[in-house]
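Below is one structure, written out as structure tokens; comments come after it.
The values are calculated or read from the model by the stated rules, or taken from the named source; none is laboratory data. Since this is a predicted model, take the numbers as computed values, not measurements. Neighbour counts run over all protein chains shown; Cβ positions are idealised from the backbone, glycine included.
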Amino acid sequence: MTIPAGLRPTVALLGTGIMGAAMGRSMLRAGLPVRAWNRTAARAKALETDGAVAAETPAWRKVCRRMPGGIDTGWHGVTAG
């Protein structure tokens, strides 16, 4: 599935372990811009080769548009940076 350019929200990917990295790569293949963060920065940077942008802190999550039907866990402190 490819999403038209005007409808592509930036996806905030928090956690790039086994599941998060696979989800991020799937979103990138679908044409969505992905900003990734992980407590271990090297894991987020590994997604840069697939086209993601690695973030130093999760604070930018607040400015990413949420996808309709998206999941926001409301993890306390995640936006504290």
Subject >> Set Thr49, Thr16, Thr57: member being crowded, with 19+ Cβ neighbours inside 10 Å and either at pLDDT 90 or above or among the hydroxyl-bearing types (Ser, Thr, Tyr) (or both) >> reply: Thr16
Original post:
Based on what the data block shows, is Arg25 at pLDDT 60 or above, of a type outside the set (A, V, I, L, M, F, W, C) and in contact with an Asp or Glu (Cβ under 7 Å, 6 or more places away or on another chain)?
Top reply: yes
Subject >> Considering residues of the stretch 19-60 that are among the hydroxyl-bearing types (Ser, Thr, Tyr) and in a loop (DSSP other than H, G, I, E, B) only, the residue nearest to Leu7 (Cα to Cα) >> reply: Thr57
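Identify all residues within the stretch 33-46 that are surrounded by fewer than 20 Cβ atoms within 10 Å (Cβ to Cβ) and either of a type outside the set (Ser, Thr, Tyr) or within 16 Å of Arg8 (Cβ to Cβ) (or both); write none if there are none.
Pro33, Arg39, Ala41, Ala42, Arg43, Lys45, Ala46
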Original post:
Mind checking which pairs have a first residue in the stretch 27-38 that is free of Cβ contacts under 8 Å to residues at least 60 places away in the same chain and aromatic (Phe, Trp, Tyr) and a second that is part of a helix (DSSP H, G or I) and surrounded by 18 or more Cβ atoms within 10 Å (Cβ to Cβ), Cβ under 6 Å, 6 or more apart or different chains?
Top reply: Trp37/Ala44; Trp37/Pro58
